[in-house]
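Enquirer: A single structure is presented below for examination.
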């Protein structure tokens, strides 16, 4: 939702549907792996999408939040993408900019807490007045950014 281009969502992604390998049982589909992303709609799971206590509800709500973030920020409508060196091999960083606005994004691909040094934010001009637009991790003023496992943070 923040890298660029048109986001691709398959049926069921919005409720955390897993791949469906039963297509292999149909001789007409068995040799075409594209069917793995084309499961039958599970209406019982869709009914859970409004319950924040369920996986379906958390994923559905999170996706809506990301869609709102993308829709409400001009940096995600086009513009440029610049990679940002994070000094941490587990954390992907990039900057999106458009029409005089900028955000920096950090994605922790580890199941463990990871740190991005404060100097990284300073280096890319995000040290003063930066606020968290998305993500769980907190950014203490002037301190290192400590990313909780698998977090995805947008700062602007």
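The values are calculated or read from the model by the stated rules, or taken from the named source; none is laboratory data. Remember, predicted model here, so these are calculated numbers, not experimental data. No Cβ is skipped: glycine too gets one built from the backbone with ideal geometry, and neighbour counts run over all protein chains shown.
Enquirer: Kindly indicate whether any position in the stretch 4-23 is surrounded by 12 or more Cβ atoms within 10 Å (Cβ to Cβ), in contact with a strand residue (DSSP E or B) (Cβ under 8 Å, 6 or more places away or on another chain), in contact (Cβ under 8 Å) with a residue 12 or more places away in the chain and within 30 Å of residue 120 (Cα to Cα).
Expert: The answer is yes, given that some residue of the stretch 4-23 is surrounded by 12 or more Cβ atoms within 10 Å (Cβ to Cβ), in contact with a strand residue (DSSP E or B) (Cβ under 8 Å, 6 or more places away or on another chain), in contact (Cβ under 8 Å) with a residue 12 or more places away in the chain and within 30 Å of residue 120 (Cα to Cα).
Enquirer: Against the condition assigned to a loop (DSSP other than H, G, I, E, B), closer than 22 Å to residue 6 by Cα and more than 14 Å from the chain's Cα centre (by Cα), how does residue 129 come out, does it pass?
Expert: no
Enquirer: Quick one: in the stretch 91-102, of everything that is at pLDDT 95 or above and surrounded by 17 or more Cβ atoms within 10 Å (Cβ to Cβ), which residue is farthest from residue 142 (Cα to Cα)?
Expert: Step by step, filter the stretch 91-102, then rank; the result is 96.
Enquirer: From the list 60, 46, which residue is under 14 Å from the mean Cα position of the chain (by Cα) and either at pLDDT below 95 or more than 24 Å from residue 129 (Cβ to Cβ) (or both)?
Expert: Working: 46 fails: under 14 Å from the mean Cα position of the chain (by Cα).
Selected residue: 60, the only one of 60, 46 that is under 14 Å from the mean Cα position of the chain (by Cα) and either at pLDDT below 95 or more than 24 Å from residue 129 (Cβ to Cβ) (or both).
Enquirer: Further question on the same structure: Could you go through the stretch 63-85 and let me know if any residue there is surrounded by 13 or more Cβ atoms within 10 Å (Cβ to Cβ), farther than 17 Å from residue 156 by Cα and either out of contact with any strand residue (DSSP E or B) (no Cβ under 9 Å at 6 or more places or on another chain) or at pLDDT below 95 (or both).
Expert: yes
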